[in-house]
Structures are given as structure tokens and as C-alpha cells.
Amino acid sequence: MLPASERYERPSLTVDIVVFAPSEDRHRVLLVQRRNPPFEGRWALPGGFVDPHEPLEHAARRELLEETGIEPVHLEQLHTFGDPGRDPRGWTISVAYLAVLEGGAAQSIQPRAGDDPAGVGWFDLLALPPLAFDHAAILAPREGSAGHRGLKGDRNPAGPKLAPQGLCPVLRHRPCPPGQAPHSDVR
């Protein structure tokens, strides 16, 4: 009998990081513009491949620093994405992380494009450009997802008092900006 390592195909492992900057008037997310195929020129969440034997959170911190120059204080694991076809290069599973920049932290941080991306910038969460890979799905809300337990409830650093209704995509624990209704369609 063949060993398991030869019987089962192995996916590539990646991390994607949602860097979120909430404010009273709008919520922004940090995106990088891809320099290389696939999706050359399209905007995407910062992220990349996990190195062999590298812890997942370390990979997320490394990729975020390499691509944007940002070193987050806190990362929260959001969800794992692995639908076939999410990456045209092959079978890829991605673990998504969240970094929330509270208050004036987003204004004081000046992200810069590293070696890999062609550009980096803040985008209004409700007015996103077309995104690479399945990154629109990563930013879309998923009602009742067990994988999002870190976004609400007692593990949430903001606490459960900000949940559960009138909330915007991605961060179900953050109220929508004044005058904006929650949206279920993120583009």
C-alpha cells in the first residue's frame, strides 16, 4: 500500500489578510494591485503562499509586511477558503485573517507597495474595484458561519455589545456608518 503522502494530492496553502479601518463615516479595506499573473493589474487582499513549516499567523504577518509595510498588532483568523477553481494556478486553500486598525491608526499608517504588488491603497468597503481570485467572497458576509466566530461573541475584542443587527459586511461586530444600510452584496 502507498503511503498517504503518495495517495492524496496536496493543495498549496496561502494566507489572505483583510486590513480593515472602520470610521464614523465609512469603512475602508486595504488592497494591493497585482503586478504578476494571474489577475495582473487587478486589486486583491494582501497575502501569499505559506512557506514550508511556517506557522499560519507568522505567514500572514510576513506577507502583510512584505506587501504593504504594515505590522499589525493583532490578527484574528476569520475563515478558510478552498473551493476548487479559486486560484487558476491550481488547488489552493487560503486561511483569511483580519487586522482592524482602530481610531486614528489607519490615518497614521502609510502603506507602501513592496516587491510583489504594483500598488497599494485604501478602498471604501462599499465601493470596491473588481477583485482577484475569490477575494470578493472573502469580503462578503456569510450568515451563521461557524468559521466567523471571531467576528462576534466573546472572542471578539470589541465584544458582543456591537452585534447583531444593522451591521456591514466583513465585520458583523461593527455598526454601519451613519446613514448607510447594511449591504449583502459586496463588489
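The values are calculated or read from the model by the stated rules, or taken from the named source; none is laboratory data. No experiment lies behind these values; they were computed from the predicted model shown. Here the Cβ is made from the backbone with ideal geometry for all residues, glycine too, and neighbour counts use every protein chain on show.
Things worth noting here:
- Test: residue in the stretch 5-25 that is within 18 Å of PRO111 (Cα to Cα), surrounded by 14 or more Cβ atoms within 10 Å (Cβ to Cβ) and free of Cβ contacts under 8 Å to residues at least 60 places away in the same chain: no
- Just one of the numbered conditions (1) at pLDDT 95 or above; (2) touching a helix residue (DSSP H, G or I) at 6+ places or on another chain (Cβ under 8 Å) is not true of GLU66: (2).
- Enumeration of residues in the stretch 78-115 that are buried (at least 16 other Cβ atoms within 10 Å of the Cβ) and not in a strand (DSSP E or B): ARG86, ASP87, LEU101, ALA106, ILE109, PRO111, ALA113, GLY114
- Residue list for the stretch 63-77, restricted to those being in contact with a Lys or Arg (Cβ under 8 Å, 6 or more places away or on another chain) and in a loop (DSSP other than H, G, I, E, B): GLY69, GLU71, PRO72, LEU75
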